[in-house]
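Structure record follows, encoded as C-alpha cells.
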Amino acid sequence: MGRSAQRGSGRAGKSARGKGANRRNIWLLVLAALLAIGSIALFTPPQEKINQGLDIQGGLSVVLTAKSDDGGAVSAEDMEASRAIIENRVNALGASEATVALQGTDQILVQIPGLTDAEQALDTIGKTGKLEFARLDSFTDETVREQIDSGQYMQQQTVTDAEGNQFPTGDVEYTMEVESGTYTPIVTGDQIESVQVGRASEGSTDYSVNVRLNSEGAAAFAQATSELAADHGKIVILLDGVVQSAPAVQNEIPNGDVAITGGYSLEEAQQFQTVLQSGSLPVSFEYAQSQTVGPTLGQDALASGVIVAGIGLALVMLYLLLFYHGLGLITAAAMAVFAVLYLGLLALLSAFGLFSLSLAGIAGIVLTIGMAADSSILVLERFREEIRMGRSVRAASDTGVRHGILTSIDADLVTLVSALTLFFLASASVKGFGMTLALGIVCDIVMMLVFKAPIIRLLAPRAIKKHPGFWGIRDCEDAAPYFEGEKKLGAGEKLRGRFIKRDFDIVGKKRIFLTISAVLIVAVIAVVGIRGINFGIEFVGGTSVTFHGTGDTTIEQVRDAFADAGDPDAVIQTTNADGEEGFLVRTASTSAQDAATVAGQVADSFGWGADSYEVTTIGPDWGASVIQSSAIAFAVSLLLIIAYISVRFRDPKMGVTAVVALLHDLVIVFGVYALVGREVTPNTIAALLTILGYSLYDTVVVFHRINENMKAEGGPGCTFSSMANHSVNEVLIRSMNTSITSLIPVVAMLLFGGETLKDFALAMTIGLVCGCYSSIAIATPLYCIWKEREPKNARLVRKYGKDVRRFFLNRLEAAPVAADAGVAAAEAYHEGRTDKAQAAADKAAKTAHSEAAGEQGGAASGAGSESSQGVDEGASAASSKSAALGGSSTARTGSSRKPAKGSSRKSNHHYGKKKK
C-alpha cells in the first residue's frame, strides 16, 4: 500500500507539473499572438510605415568634410554653426524632408529626398559663402592684377557641333582663384544686411545680385569708392576666393547699395543670393562623398529586394518541409512569426525616426531569413537526436528544445558581435546592413522563446507522439533501440534514417584537407599578385555614373558623349540589371559638381531623363577613412570573437584556431574577387565582416560538442582526435542544413538582386561555402593537432594509437583486444619494464586468434560482418610480439570487434543524453 501510494503521489506530482508547463506554454503562445497582432498593426501598410532611405526613394546624399585654415582640429561650435547655415541653404532650395546632420567630429551629412536638380544643390550647399570686396590696387601679385584688369578671370563656355565648329553657349565659368592674404578686403559678407536679385539693366537678359551693407560696411565702401572714382579704379568682388567681377568705379557710392553683376542667369543669381543670405561658413568644406539616385531607380531596387526576399523565404520553407516533414510546418510558421515581428520592429523604429530602410539594409533582411532557418534547424535536429538516444517525445521536447535554443543563442551572439561592430565602427554606407542584421538576431531569439519552443512542447505529447511518420520522427524512434544498445544489426541489415550511422573519417584525413587549403591560399596569393584586386571608387576616389534603360546605345556612343562633355578618359562597361541594358562609367573626377554636370550633359545628349542615372563621387580622403573604419571594425570583431569563444569554452586555443579558419575563408573570398575581377566595395567589406559571424556559427557548435564529449563519465575511451571526429559527425547534418538554408536566400540575391545586393551576395556565397568547409576541415583538425600536444591527450594517443577510431550508432568501434595488448607492451617497453612488456606481448599473441574466431558484433554487423578482416587483424597482432618489444604501437580501429567486456556503456549513453 505504501509503495502504491508513493507511485500515486508521484504520478499526481508529474501531472501537476505537466499542467503547469502547459499553462506556461499557452501563455507564451498568447504573448506571441499579441506581439504578432501588434506588429501587423504597426507595419500596415509597410510602404508607408517603414521609412525608406535615400537610395530607395531617390535624391541627393552628400558628405561634407570640414577643413580648417591652419590644418588643426575643427571646433564643435564651428561644426554646429556650419550645420545650421547649410540647413538654411537646403531649405532655401525648396527641399522637403531634407536631413542635415553632424557625422563624427568633422563631417556633415546632407540628404535631400526626391531632388532632381543635383547640380544646383551641389553648387549651393557646400560653398563657404565668403564674400569679399577688395581694391584692385591692393593685390600684391602683379600678374594676377593684370589678368583681372584685362578681364581674364572668366571663360565663355562653348559647344562643338558635328563638324568641329565651336559656338558660345552664353554661359560663363569663373576660373581665377586668388590666394587669401594676397589682397586687402575693404568689406566682407559679415557686413551684409540684405540681398536681392534684379535685372542687371533695363532690357538686359542678365541678372544682378543687389547687396545692402550695414553702416560700418557702407562707410568703408563709400570711402573706397570716393578714392577710386577719380581715375575709375576697380573694385574686385570675390566669392570663396574666386573672382566674380571687377567693375570700374564711376562715382562714389555713399548709401551702401551695391550691385554685383557677372552675366548671371536667374538661377545663378538666386543661387548666389542663397549663399549670401545664409551667411558664410566658419570653416571651408570639401565633398567627401556624393551620390545622386533617381526615384525610379530606387523603387526598382526596392521591388527587386522584395522579390529576392520572397523567393528566399519560399525556397527555405520548401526545403525545410521536404527534409523535416511535419516539423517543417512548425518551422514555416515560426519563420512567418519572425517576419511579422521583424517588420513590426522596423515600423516602430521608423515611427520614432530611428530607422530608414536602405538597399544595404535589404541585404541584411535577406540574410536574416537564412539565420532564422538556422536556429530552427538546430532546435529540430536536437529534438530528433534526443529521441534517437532513447528519450520519450515529451522529454525530448523539453531537454532537446532547451539545449537547441541555448546552442542557437550561442551562435546568434557570435553573429551579433559582427553586426554591432558594423553598426558602430564601419562606414556609414553599411550601417544599415549592420542594424537590420542585429535587429533580425533579436527577433530570432524572441521568436524561439515565445513561439517555437512552446508550440513543440504542446504538440509533442499528443500530436507528434501519435503521428511520428507525419512529423518526421519515426526514423529516430526506430533507431533508438540500436543507439541504446538494446538491439544489434544483423548481417546485411541496414538502418534507415536521416542521420549519420557510422562516422566519416574527417579528422583522420586532416593532412589532405590542410594540404588542399594550403594550395588554395598559395594560388590566391599568386592570383592577387598577378591580377591585383579591383578596389571600388570608395577606396581610391573618383566618380561612378550608372545609366539604366539605355536601349541600343553603344559603348562608342557613350564614350564620345563623355569626350564631348570634357571627360575623354572615362572607363565604360555595359551592365544588365533586371533585364535592362545600361552602362557603368568610372572617371577620375573627385569634384561632385563637375561629375553631376558631365553626367547631366551626357544624359541630355541621348534624351535620357534625370531619373535614368545615378552619380556617386568620392573625394580623395574618403577612401582612407573607409579603409580605416573597415580595418578597425575587422580587428575589433576578431578580438571580440576570440574573447567570447575563450570565455565561453574556457579554452583560448578554440578562439585562435577559429580565427585561423576565418582568415582562411577571407583569403579565399579575396582570391575569387581577384580572379573574376569584380569590384571590392564597402558592401563587400560588410559581407566579409558578416562572414566572420556566419563562419563561426558551425565552428561554435562543433567546439561545443567536442568540449562536452571529452567530459564523458569514465573518460572518453579514445584519443582526442577520435572524439573530435565523432563530434563533427554528430553535428554534420545540422551544419550542412544551416549552410544550405543560409545559402538559398543569398544565391537568390546573387541571381535576382540589383547591383548593391549582388555586392553582398557574391562575397556571402563564397564565404558560406568556405565557412562550412573550414569549420569542419580546418578549425577542428588544427584544434586537434594543438590539443594532442597537451600531456593528458598525448597519453591517450600512446594508449589508443594515432589512428582515428570511428563510432557506429553512437558507440565507439572498439580496437581489437590484441592490438590493445600490443599497445600495453609498447608502453611497458618504453618505461623500461621488459618483464611486463614480455608478458603483454605474450598476451597479444595468445588472444589474437581467439578474437579473430570469436563473435562478430557492433559496428561490424552493420558493415556486413567482415570476419575475414578480423582474422587478418588477429594474425597481425599475433605477429606483433617482437615489434611490441621493439617499441612500435599496433593499435588500430576495430571495425569488426565486439566491444570489450567492461567497456563503459555509461559513457556511450552520455553522448546521447547529456549534450548541451
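No lab work stands behind these numbers, since they all come straight from the coordinates. Keep in mind that what you see is a predicted model, and the values were worked out from it rather than measured. We place every Cβ from the backbone using ideal geometry, glycine too, and count neighbours over all the protein chains shown.
Tabulated values for the structure
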{"read-out": "Farthest toward positive dipole pole in region 627-787 [+1 Lys/Arg, -1 Asp/Glu at C-beta], among Ser735, Pro682, Met764", "value": "Ser735"}
{"read-out": "Exposure proxy order (Cβ contacts within 10 Å, fewest to most) of Trp471, Trp27, Trp786, Trp608", "value": "Trp27, Trp786, Trp608, Trp471"}
{"read-out": "Global geometry of region 627-787, whether rounded, prolate or oblate, following the gyration tensor of its Cα atoms and the 1.5 cut on a/c", "value": "prolate"}
{"read-out": "Dipole magnitude (debye, nearest 20) for region 369-419, charges at Cβ of Lys, Arg, Asp, Glu", "value": "260 debye"}
{"read-out": "Cα-based shape type of region 127-280, given that a ≥ b ≥ c are square roots of the gyration tensor eigenvalues and the cut on a/c is 1.5", "value": "prolate"}
